[in-house]
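Before any comments, here is the structure.
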Number of protein chains: 2
Amino acid sequence: MIPNRNVLWGRAIVDEVAKAGLDAVCISPGSRSTPLTVAFAEHNGIDVFSHLDERSSAFFALGRAKATGRPTPLVCTSGTAAANFHPAVIEASQARVPLLLLTADRPPELRDSGANQTIDQEKLYGDAVRWYRDLPEPEADDRKLRSLRTDVSRAIWTAEGPPPGPVHLNVPFRKPLEPTEIPDDVPEGFSERFPLAAEGRDGPFVSPLSGAPTLDRTDREALGEAIRTADRGLIVAGPSDATDPTAVAELAAATGFPVLADPLSGVRFGTHLAREALVVCGGYDSYLDERVVGRWSDPDLVLRVGAPPTSKTLQFFLRDSGARQVVVDPAGEWREARFSASDLAVADPNRLCRALAGQVDGPTVDPDWRERFSEAETGYWELIEGETDRLFEGAVLAQAFERAPDPGTVFVSNSMPVRDADRFARPRTADLAVFGNRGASGIDGVTSSALGAGSASEDPLVLVTGDVAFYHDANGLLALSRCGVDATVVLVNNDGGGIFHLLPIEGFDPPFTDQFKTPHGLDFEPLGDLYGFAFERVESVERFTEAYRESLANPGTQVIEVRVESEASHRTREAIHERVVSTLRG
Amino acid sequence: MIPNRNVLWGRAIVDEVAKAGLDAVCISPGSRSTPLTVAFAEHNGIDVFSHLDERSSAFFALGRAKATGRPTPLVCTSGTAAANFHPAVIEASQARVPLLLLTADRPPELRDSGANQTIDQEKLYGDAVRWYRDLPEPEADDRKLRSLRTDVSRAIWTAEGPPPGPVHLNVPFRKPLEPTEIPDDVPEGFSERFPLAAEGRDGPFVSPLSGAPTLDRTDREALGEAIRTADRGLIVAGPSDATDPTAVAELAAATGFPVLADPLSGVRFGTHLAREALVVCGGYDSYLDERVVGRWSDPDLVLRVGAPPTSKTLQFFLRDSGARQVVVDPAGEWREARFSASDLAVADPNRLCRALAGQVDGPTVDPDWRERFSEAETGYWELIEGETDRLFEGAVLAQAFERAPDPGTVFVSNSMPVRDADRFARPRTADLAVFGNRGASGIDGVTSSALGAGSASEDPLVLVTGDVAFYHDANGLLALSRCGVDATVVLVNNDGGGIFHLLPIEGFDPPFTDQFKTPHGLDFEPLGDLYGFAFERVESVERFTEAYRESLANPGTQVIEVRVESEASHRTREAIHERVVSTLRG
């Protein structure tokens, strides 16, 4: 009935995954992981995404988890396969994304013995995982199986947090790995004798009720009082997949505080913007220039949720403001590298925002302060509108966001795309789920993360990426066909590391061009034949917007390449910024 | 003169690298690593290989180190870039290949603070590195700089072993990262006042004389006595880049012991085979079948050098032989996962072989025993010759080795290519440097490792790889143009994981095809347009050998794809094996 202990073990793991409500898994082919692979594949309630490159697999799971809030388990065989997960594990740890790593391993007696494809997998990811467990050796044993089911439940609730993050279960298996029948390996009648061990419960083996940190009443009221008495308050929403924009909007409406909303904060786009009396700002990366705000009064209270904002201008503005800055972090970590914040609230930010909103009777902010931001914001986007019909990197981001499907998912690469999104993506009431990998801000795994996010929903997926990131995770494109994801990929190709034009190293050439800009001259069109997507190179904003609209209206995947000159784009950014400054400082 | 402390620091590091005689570096573009990148780029004696994907970069450095025996330093920026080195670090650790990892990092005050692109890089690779050091903060300080130069010297000698392996220096830098002049950051006259700190010595700061373990006379003589009195001795040479084939040949000639030489042992191919009275065997993976050797006497003494052999048949033969097995390992590790070996000699294998040869007066082995192997070997290859003119995976490997350029470098992928090389690559006197990644036996990084090995010599480079490995490290192909390496790539495309046909899971379909064989249907020809190589698909052994000859005679890179059906190849292997058995058991 149950052919051997590995089958029993694999099924118990998968059973708990399914009972926790997880509906998909990412599997890379391998031998040692056979019991897990077989058990996942035979389970009707779980979709299998098969990935040949474990690095891409892990980023796919990461992207999917960002979109769903739940982990997509990752299965790989023993050896360096598991090390290929490492970049995504770090990103997940720092961006607080649930991941469940199931790495198959040799049994204990074969470790450190020269056995083939055997490495030291113990604590392979160091402190980057929330929890690590080397599972015991499979056996048809009542208590062991209850322990196993508890561990899988625990792995999932730990991965889901708060705070969410990666969890690593190392899973040793001894041969036979396939479901070959071994007489008496699982004694006849085992399931009947130990139904809890063999079949688990109707639901998860352990049903978690996960609390989140909440301030006590005294502390909350003190914070509420500070907000009520602030004249020039601000809310800063940094990158986060966990911020509830309606909670932030509630507090903003109650206090009248302007909200400076990072493009990855969840707050810059969405139907919550339709709420009256909100000032949600997206242009601050330009207009918080010292030459503009030097004439403004300083803020006196800043409430910060999410990770540090992408905008350096905003970071400097806060650093130099002298304001009381309250960082809200449910994990009690310190994520404020300018070291100018004065208060830490270890609390769930959404609950805290709602609770604080309830303590405020009506807008308390100085109307002039609020008006400053409102006017700057209006003036900024009017000016930008006239600048983004000519082709440069910022215009592509502006158009891609302005015309993004509603509802839709937009994934933005690190390096220049996220910075251009920060500056040129205007707040919209559209229901856009906007993601990027701002935990460690790498350019690795971007395509896979985007396709993973896209796999989680029927909404159209847009990926805006650069040429180095596109090259780096070209393997991720295999998921288009193998995982059945369609995307509109906007490839901003500036032939190398255009971001380095923003840095002073630009002035030192050599080695600037060869070692930093690193032009590669790659023509990505052939990848369309390899991975089955349509490819179009566009040379004007007009043609871009047409191709973009066509792609969104059609099935399949289209890569729209916009070739840009990074130095020229950078100069255009600077010129626009100068116009913003001269217009807004009035 | 020296614009700032980071320049001083970067130059000191590079100065020591160069003075240690290293002549190349692999650099991936990034900002935090700017002081290292600038210092390497400005040094005339060091070639810079620029890689956009850190995973490929690390494998390139690994392959180059396999070919040169010396590390090629690796430079990357902070963040997940460093995690992408992890797979190669593990391979280097287990295969004993020198690597020197220079990961740039944020300065201490910015760690764990939410600073951008900042992760926990402390001991990032765990126990996989031989030595880890978080370098101090750069400063124009006499003692600090002497410490720095000592650390770089130490890192290199530690990486070079014995045993060789990866070493990790984490290198924090504070802005400015570019060579901007900071008045008094490096005080005027610093170099004159502290010439040793600023300029180092004429040679390395510390010149190492690295000893290797050597047995004392009593132990060596006891071992020599065991060899002299053995009637049926064997030498087993497993995968190793460190085995000196002439040392093994010397012992084999002195004792008359047959040598079972793994294709990656350094012993199966080479001019040492021209020596008289040697029996170097390559066909044992087939003819050590129990049905053949069941009628032979058991060996009574086995001397093992290198890692465990690739051949499972050989592993089982040794396990079941009851022989005294002496494992020679200079690192004193245990690499014998059948747990049938009885003796460990912690000693340099080359010196030991030579010393033991000197203790033996002439062939001591039973001539019949020796003849068994000699006859089996001759009979085996006669039979194989008639089988490898029809297209199957084994024939491709047989032809690729038979016709490999002399001198030449041949890199063999894991999974099926190395197993087919084991069985079908006949020993040759040609000067072939044959490499594979058998430390952790992953299929990741194969192309990059091969190109790195090829970059170390003017000899032609052949890579024999499979379709999954070729896909996995497709990014590595960028090194063809960027690092100026030419190769003849033999791509054995069986559309997925053909190796799984060797495993019992083949009998369980589903999930065999979807989750193990995983046919991807990729047509790799477009990659030729992307990365600039010629692509030809061949459909016969005859056309393969022609295309192979043409490629070797021409510059540039040619990918010769042989499409094969993995199941049919497997059946052919089995059929040939059955003929071998029925012929040889005679």
Counting only protein heavy atoms and a 1.4 Å probe, tell me what percentage of the protein assembly as shown's accessible area is made up of carbon and sulfur. 45 percent
How large is the accessible surface of B:D15 in square angstrom, using a 1.4 angstrom probe and rounding to the nearest 10? 30 Å²
Please get the size of the charge dipole for the range B:217-368, origin at its Cα centre, with Cβ charges of +1 on Lys and Arg and -1 on Asp and Glu, quoted in debye to the nearest 20. 140 debye
At a 10 angstrom cut-off on C-beta neighbours, averaged per residue, how do the peptides B:359-370, A:114-125 rank from highest to lowest? A:114-125, B:359-370
Solvent-accessible area per residue, Å², over the protein assembly as shown with all protein chains present [probe radius 1.4 Å]: 34 Å²
Label 7 Å beyond Cα on the Cβ vector: A:T364 copy-to-copy distances, nm: 9.3
Lys, Arg +1 and Asp, Glu -1 on Cβ, resulting dipole of the range A:380-470 about Cα centre, debye, nearest 20: 200 debye
Heavy atoms only, probe 1.4 angstrom, no DNA, RNA or ligands counted: give me A:T378, A:T80 ranked by accessible area, highest first. A:T378, A:T80
Step through the residues of the range B:7-24 one at a time and calculate ³J(HN,Hα) from phi using the Karplus curve (6.51 cos²θ - 1.76 cosθ + 1.60, θ = phi - 60°), rounding each to whole Hz and writing x for Gly and Pro. 5, 4, 5, x, 5, 5, 4, 5, 4, 5, 4, 5, 5, 7, x, 7, 10, 8
Roughly how crowded by other chains is peptide B:47-53, in terms of the mean Cβ count from those chains within 10 Å of each of its Cβ atoms? 4
Take peptide A:322-335, look around each residue's Cβ out to 10 angstrom, count Cβ atoms belonging to other protein chains, and average those counts. 1
When Cβ neighbours within 10 Å are restricted to other protein chains, what is their mean count per residue of peptide B:124-137? 2
For the range A:502-514, take each phi angle, set θ = phi - 60°, evaluate the Karplus expression 6.51 cos²θ - 1.76 cosθ + 1.60, and give the result in whole Hz per residue in order, putting x for glycine and proline. 7, 10, x, 4, 3, x, 10, 10, x, x, 3, 5, 6
Probe 1.4 Å, all chains present, heavy atoms only: A:E192 accessible area in Å², nearest 10, is 140 Å²
Just which residue of chain B brings its Cβ nearest the axis of rotation onto chain A, and by how many angstrom, rounded whole? B:P526, 2
Amide hydrogen neighbours beyond the local backbone of A:A24, cut-off 5 Å, H modeled: A:D47
Residue by residue through the range A:216-228, what is 3J(HN,Hα) from phi via Karplus (6.51 cos²θ - 1.76 cosθ + 1.60, θ = phi - 60°)? Round to whole Hz and write x for glycine and proline. 6, 4, 4, 5, 5, 5, 5, 5, x, 5, 4, 5, 4
So for the protein assembly as shown, taking the charge dipole from beta-carbon charges (+1 Lys/Arg, -1 Asp/Glu), which of B:G476, A:P176, B:I505 sits furthest toward the positive end? A:P176
With one decimal in nm and the nearest listed first, the spacings from B:R537 to its own position in the other copies, using label points 7 Å along Cα-to-Cβ, are 2.6
Charged-residue dipole, Cβ positions (Lys, Arg, Asp, Glu), the protein assembly as shown about Cα centre, Debye nearest 20: 1820 debye
Where A meets B: accessible area buried, both sides, 1.4 Å probe, Å²: 6300 Å²
Projecting the Cα atoms of A:C281, A:T103, A:W131 onto the charge dipole of the protein assembly as shown, where Lys and Arg contribute +1 and Asp and Glu -1 at Cβ, the residue farthest towards the positive end is A:W131
If the convex hull is drawn through the Cα atoms of the protein assembly as shown, its volume per residue in Å³: 171 Å³
What residues have an amide H closer than 5 Å to that of B:L100, excluding those fewer than 5 places away on the same chain, when H is modeled at 1.01 Å from N in the peptide plane? B:T72, B:L74, B:V167
Relative contact order %, the range A:5-199, counting alpha carbon pairs below 8 Å whose residues are six or more apart: 26 percent
Considering Cα pairs under 8 angstrom that are at least six residues apart, work out the relative contact order of the range B:242-380 and quote it in whole percent. 31 percent
Computed over chain B, the relative contact order (Cα-Cα under 8 Å, seq sep at least six) in percent reads 14 percent
Skipping prolines and chain starts, which residues have an amide H placed within reach, meaning under 5 Å, of the one on A:D105, given they are 5 or more residues away or on another chain? A:V171, A:F173
As an exercise, identify the GluC sites (Glu not before Pro) in the range A:475-578 lying in DSSP coil whose Cβ has no more than 16 other Cβ atoms within 10 Å. A:E539, A:E565
Report B:T218's accessible area, 1.4 Å probe, all protein chains in place, as a number in Å² to the nearest 10. 100 Å²
Shortest first and in nm, the label-point separations between B:T429 and its counterparts in the other identical copies (7 Å out along Cα→Cβ) come to 8.7
Lys/Arg +1, Asp/Glu -1 at C-beta; the range A:217-368 dipole; positive extreme among A:G224, A:L356, A:A341: A:A341
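The values are calculated or read from the model by the stated rules, or taken from the named source; none is laboratory data. Source: prediction; values computed, not measured. Using ideal geometry, Cβ is built from the backbone for each residue, glycine included, and neighbour counts are taken over all protein chains shown. Remember, those area values only see protein heavy atoms, side chains included, never the ligands or the DNA or RNA. Shrake-Rupley method; radii C 1.70, N 1.55, O 1.52, S 1.80 Å.
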